[in-house]
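The values are calculated or read from the model by the stated rules, or taken from the named source; none is laboratory data. Values in this document were obtained by computation on a predicted structure and should not be read as measured data. Neighbour counts run over all protein chains shown; Cβ positions are idealised from the backbone, glycine included.
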There are 2 protein chains.
Amino acid sequence: MRTHYCGELNGSHDGQEVVLCGWVQRRRDHGGVIFIDLRDREGLVQVVFDPDRAEVFARAEQVRSEYVLKITGRVRPRPAGTVNADLPTGAIEILGLDLEVLNASETPPIQLDTHAADASEELRLRYRYLDLRRPEMQSRLRTRAQVTRMLRGFLDSHGFLDIETPILTKSTPEGARDYLVPSRTHPGEFFALPQSPQLFKQLLMMSGLDRYYQVARCFRDEDLRADRQPEFTQLDIEVSFMTEDELMVLMESMIRDLFRAVSGVDLPDPFPRLTYHEAMRRFGSDRPDLRVPLELIDVADLMAEVDFKVFAGPAQDPDGRVVALRLPKGGELSRKEIDAYTQFVGIYGAKGLAYIKVNEWAAKGREGLQSPIVKNLPDAALNGIMARTGAEDGDLIFFGADKATVVNESIGALRVKLGQERGLMAEGWRPVWVVDFPMFEHDPANQRWVALHHPFTAPKEDQLDRLETDPGACLSRAYDMVLNGTEIGGGSIRIHRDAVQRSVFKLLAIGDEQAEDRFGFLLRALKFGCPPHGGIAFGLDRLVMLMTGATSIRDVMAFPKTQSAACPLTDAPSAVDEAQLKELALRIRLRP
Amino acid sequence: MRTHYCGELNGSHDGQEVVLCGWVQRRRDHGGVIFIDLRDREGLVQVVFDPDRAEVFARAEQVRSEYVLKITGRVRPRPAGTVNADLPTGAIEILGLDLEVLNASETPPIQLDTHAADASEELRLRYRYLDLRRPEMQSRLRTRAQVTRMLRGFLDSHGFLDIETPILTKSTPEGARDYLVPSRTHPGEFFALPQSPQLFKQLLMMSGLDRYYQVARCFRDEDLRADRQPEFTQLDIEVSFMTEDELMVLMESMIRDLFRAVSGVDLPDPFPRLTYHEAMRRFGSDRPDLRVPLELIDVADLMAEVDFKVFAGPAQDPDGRVVALRLPKGGELSRKEIDAYTQFVGIYGAKGLAYIKVNEWAAKGREGLQSPIVKNLPDAALNGIMARTGAEDGDLIFFGADKATVVNESIGALRVKLGQERGLMAEGWRPVWVVDFPMFEHDPANQRWVALHHPFTAPKEDQLDRLETDPGACLSRAYDMVLNGTEIGGGSIRIHRDAVQRSVFKLLAIGDEQAEDRFGFLLRALKFGCPPHGGIAFGLDRLVMLMTGATSIRDVMAFPKTQSAACPLTDAPSAVDEAQLKELALRIRLRP
């Protein structure tokens, strides 16, 4: 129906007759002439209607915003002085020769110009088809399609097979809540929607398919406090007969290729690697944002003997941790700002936020420090702190002292927040692999071990005996890819021997019966020549969010759900007929 | 962990030391030497272990079928006289230098050689990871991945955007039963899994995205008598500002490119087109298999006055049809074969299968015909039939006389069956577009109109008035792509004006309230500048089934379900905890 997209026209089309289809971005009547900015996926172009062509002009007069038009016109240069350098088509305009209104539009309930993002998210989601007309939203969806295409292209060219796994399946072991689907043919029984294709991709390796990938929809029925969605997409990958090192090298080259192609950026080659232990020690986090040049510095040894319980207690506690965090030029912080940071660390369970302002340490020593806690610290401790942090006059030193988990979470988060708010963030992209994770964490509340990744993660080959002797010290063959403080991918070499898998289930207090019931098919499959294998999964939504600079994964999905897992556009979920429920052998349970 | 795939080795690798990983297809001990056929995704290679290397030889002796091995060895030509020309690697063998057992295997419950397909499907699905080790199954999954890649590539290069639409959504209008997903956060309410992304892709056109595609999972909770699956995959496509003709030309060029690339076949350019009316008339089906050179020939006019109710009744009934189907050389059919065909058409509701064997028409006239019905037919009718069918001596003419629907179904099916069983089927691929479908069919049982496609299909622009005056005569802008008698794709130009959409809903007896409840969001969206748009969806499973020569879509899916919609591998669906049900505000209803 058209000859060109609006946005692709330029001086090279001068004199051509073109047919365009698109939406009215704006109509202006000026000097007896009508100007229509016509918009399509590729951009805007200005169309001019002259009163000489009375019939067409009359039709143009009826046109309003968001009308859908088919316009025939001739490309011509804009008159001198009216060229718009901000617009790719700004050197030309179209003289309107014919105009057909393909459809009318009521006045949109959200503005489609630059202020559209100001509309409430509820309204934007309810009228998503209008929100998606905004170039910003279209650009994000286009980048998403491009990212997916690049990733697929890389994997295709490396011999990976795109294989679909079921959506109607059995409850999976990721540990979050499953979405359930009642079966009509097996009354009282349910499918679960997959939290990931984990077990299926392992089965594909047992099938000898060697290299698998899938852009896979995954589902988690979680409370959506954070930026999460009930359904999300992961790039799911599994390979046989590869070591973790080979797989990591391959995967980071894929991500490097992606950033080069889509963002025109060269990521480091190779990506740096941090052990879990080092990441926690230096950054208080296993997904450290390396753009922030601040580090946690352990000072427990300096504090163990001080006459100040707040520090000495955690310093002496085997589960405790005491750290200093030096903020260069932090001396500028006001009391109010420090209070705000104190409140911030409180979110993570910290009971306070001790600090020292370094005013004139070099000249005045202890007297040159400004702090509520200095009086509690002997010279040895103070000297140690100053030496170890390398603090200079004008700096500020924050302290965390508590259970290690609280210190890591609170001071780790403070480190990133200071980076953002104090202008310390380096530009660009800082990927890092985190490796050598522990296999297990101890859950003191329930007195049991829980898997840090999932129960199919292989322990390091030379630490198999620790499964028996010291589970807490046993490291896994897992690896996470972290980019600017966000985990964009995570995976592991999997257990391929049934005896090891049974040991791990036992350690996780998954009894024989439960193991058979939930994972019997996997344990059976392990007996028939399971190859060594491993894989990784990338969170596609989050990756695209980072690459497009969006602030929420909802902005890189065409039809996301709200925080209460509902869709304001279609009104899903909704009530269903009693007859449907009956067919599914279900009854609604009335809440007490 | 390896240097090569087993199946890629050949004479050019002579003398190289290689490391291979794979499965033991077979071990033979012969002349004091051990031969192991090692298998991986790319094929088989023979490895020879000499008793001189005592340690490695001893390890090779322990090896059994389906063990997973890592073998280091040296490529060498096979000795003269032992070259296996049937095997791509058959010119060489590997002298085994080292062998590591990566994993053992119990004896597989299904054989993995050529007889594996003989195992019951239940067993094959239960041990799917073994079934998938068979080269035939791997080849199908590889072709599927290749087909998907080619289709994506075509669409990407034509400016289509790959956009994901929700799986957790609102009940869709395809008319089959939905799978439901209870919402935990909205107790008593349900999501539905999409039967297709139909409404979302239309919304994407209203969003101005112009060209969309998605390899989309779809779900239908139907009784699976035919070769259907609860979840299946369609290549879903939608465009704005294109006529049906432009879209059909683009889509058939995509399918031509696909067959050229994957199957090395040139499909016709352009595809032939048949109207619905002509397809029904000539083939009794709107998905005619053009490989069969037989056609239904209308003879009602010849039969209207005959003194034989079986023919005269339907000939005089406005809803009746009387056809002849000439089977060249059908005179060879035995009584028993004719009885079998009579039984066959009975499946489709035909009450009998009249026939005439043409023994010696030319020489003997009426006496040269052999048939239980000839005595009932006057000369004029007989002469008319013989002339119109062009039957020659040695042929047989079948007849169908009943309601048109019964005749079309039964004789249409007989036509294809005769094509298959009487060696009449042409080789190769015969695509055809079927167009000019009626908008509606009349459902006499419920005295109402039903949509032949779906309620969003646009009527032909010049027939809008028939919506009021003669709905049964109103043709739609729908088109189906049919290949060798299978509908592989279907679509239409959609309604883009809300007044037309409301008229169609009204005709389909979808009241205002129900329309608002089910499709309110669509009706609302139509008010805000909906562009003219249309699309198509291809059944990917069925397309790949055809291209791989598989006989069931289950054979082109990695993890299909059984006819009772269950997965013997994982035992899904299965019971869930009472606590989970409680969280979802559900109770199991006990059957009476």
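If the condition is being in contact (Cβ under 8 Å) with a residue 24 or more places away in the chain, more than 9 Å from chain B (Cβ to nearest Cβ) and farther than 20 Å from A:ASP221 by Cα, then the range A:147-187 contributes A:VAL147, A:MET150, A:LEU151, A:PHE154, A:LEU155, A:HIS158.
Residues checked against (1) in contact with a Phe, Trp or Tyr (Cβ under 9 Å, 6 or more places away or on another chain); (2) part of a loop (DSSP other than H, G, I, E, B):
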residue: A:LEU102; (1), (2): yes, no
residue: A:PRO108; (1), (2): yes, yes
residue: A:LEU125; (1), (2): yes, no
residue: A:GLU136; (1), (2): no, no
residue: A:ARG144; (1), (2): no, no
residue: A:GLY153; (1), (2): no, no
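Candidates are the residues of the range A:188-210 that are among the charged types (D, E, K, R) and surrounded by 21 or more Cβ atoms within 10 Å (Cβ to Cβ); the one that is nearest to the other protein chains (Cβ to nearest Cβ) is A:ASP210. Of the residues making up the range A:232-258, those that are surrounded by 21 or more Cβ atoms within 10 Å (Cβ to Cβ), outside any strand (DSSP E or B) and facing chain B (nearest Cβ under 10 Å) are A:PHE241, A:MET242. Being more than 30 Å from B:ASP118 (Cα to Cα) and either in the same structural domain as B:ILE493 (by TED's automatic domain parsing) or at pLDDT below 95 (or both): is that true of B:GLY534 here? Judged against the criteria, B:GLY534 is a match. Considering only residues in the range B:474-495 that are part of a loop (DSSP other than H, G, I, E, B) and out of contact with any Phe, Trp or Tyr (no Cβ under 8 Å at 6 or more places or on another chain), the one that is farthest from A:ASN103 (Cα to Cα) turns out to be B:GLY485. Note on the range B:407-466: enclosed strands (runs of 3 or more DSSP E) holding 2 or more residues that are surrounded by 17 or more Cβ atoms within 10 Å (Cβ to Cβ) are B:431-435, B:448-451. Counting only helices (runs of 4 or more DSSP H) that sit completely within the range A:496-566, those holding 1 or more residues that are β-branched (Val, Ile, Thr) correspond to A:498-507, A:540-548.
On the stretch given as the range A:541-592, residues that are facing chain B (nearest Cβ under 9 Å) and of a type in the set (A, V, I, L, M) total 14.
Hey, among A:LEU69, A:LEU95, A:LEU112, which residue is crowded, with 17+ Cβ neighbours inside 10 Å and in a strand (DSSP E or B)? Reasoning before the result, please.
Values: A:LEU95 fails: crowded, with 17+ Cβ neighbours inside 10 Å; A:LEU112 fails: in a strand (DSSP E or B).
When all the criteria are applied, what remains is A:LEU69.
Residue count for the range A:275-303 satisfying the condition of being out of contact with any Pro (no Cβ under 9 Å at 6 or more places or on another chain), buried (at least 16 other Cβ atoms within 10 Å of the Cβ) and farther than 16 Å from A:LEU414 by Cα: 2.
Residues are listed down the side, and each one gets a yes or a no for (1) more than 38 Å from the chain's Cα centre (by Cα); (2) more than 17 Å from A:ASP210 (Cα to Cα); (3) within 14 Å of chain A (Cβ to nearest Cβ):
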site: B:SER12; (1), (2), (3): yes, yes, no
site: B:GLY15; (1), (2), (3): yes, yes, no
site: B:GLN25; (1), (2), (3): no, no, yes
site: B:ALA60; (1), (2), (3): yes, yes, no
site: B:VAL101; (1), (2), (3): yes, yes, yes
site: B:ALA104; (1), (2), (3): yes, yes, yes
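For the range A:136-146, the candidate set comprises residues that are under 21 Å from A:ASP257 (Cβ atoms) and at the interface with chain B (Cβ under 10 Å from one of its Cβ atoms); within that set, the residue that is surrounded by the most Cβ atoms within 10 Å (Cβ to Cβ) is A:ARG144.
Which residue is nearest to the chain's Cα centre (by Cα), if the candidates are limited to the range A:309-346 and must be within 16 Å of A:ARG388 (Cβ to Cβ) and among the β-branched types (Val, Ile, Thr)?
Taking the range A:309-346 first, the residues within 16 Å of A:ARG388 (Cβ to Cβ) are A:311, A:315, A:321-328.
Filter again for among the β-branched types (Val, Ile, Thr), leaving A:322-323.
Numbers: A:VAL322: 31, A:VAL323: 29 Å.
Among those residues, the one meeting the criterion is A:VAL323.
Take the conditions (1) at negative phi; (2) surrounded by 15 or more Cβ atoms within 10 Å (Cβ to Cβ); A:GLY394 misses just one of them, which is (1). Hey, does the range B:11-24 have a residue that's in a loop (DSSP other than H, G, I, E, B), surrounded by 15 or more Cβ atoms within 10 Å (Cβ to Cβ) and touching a helix residue (DSSP H, G or I) at 6+ places or on another chain (Cβ under 9 Å)? Taking every residue of the range B:11-24 in turn, none turns out to be in a loop (DSSP other than H, G, I, E, B), surrounded by 15 or more Cβ atoms within 10 Å (Cβ to Cβ) and touching a helix residue (DSSP H, G or I) at 6+ places or on another chain (Cβ under 9 Å).
Considering (1) in contact with a strand residue (DSSP E or B) (Cβ under 7 Å, 6 or more places away or on another chain); (2) within 14 Å of chain B (Cβ to nearest Cβ); (3) farther than 27 Å from A:ARG211 by Cβ, the lone condition that A:ARG494 does not fulfil carries the number (3). The residue that is surrounded by the fewest Cβ atoms within 10 Å (Cβ to Cβ), counting only those in the range A:72-83 that are in contact (Cβ under 8 Å) with a residue 24 or more places away in the chain and either away from chain B (no Cβ under 14 Å) or in contact with a Cys (Cβ under 7 Å, 6 or more places away or on another chain) (or both), is A:PRO77. Across the range B:523-539, the qualifying residues are those that are facing chain A (nearest Cβ under 9 Å) and of a type in the set (A, V, I, L, M), and the one among them that is nearest to B:TYR479 (Cα to Cα) is B:LEU526. Residue count for the range B:212-266 under the criterion of being among the acidic types (Asp, Glu) and free of Cβ contacts under 8 Å to residues at least 12 places away in the same chain: the result is 4. Going by the conditions given, is B:GLN229 in the same structural domain as B:LEU543 (by TED's automatic domain parsing), crowded, with 22+ Cβ neighbours inside 10 Å and not in a loop (DSSP other than H, G, I, E, B)? For B:GLN229, the condition - in the same structural domain as B:LEU543 (by TED's automatic domain parsing), crowded, with 22+ Cβ neighbours inside 10 Å and not in a loop (DSSP other than H, G, I, E, B) - is not met.
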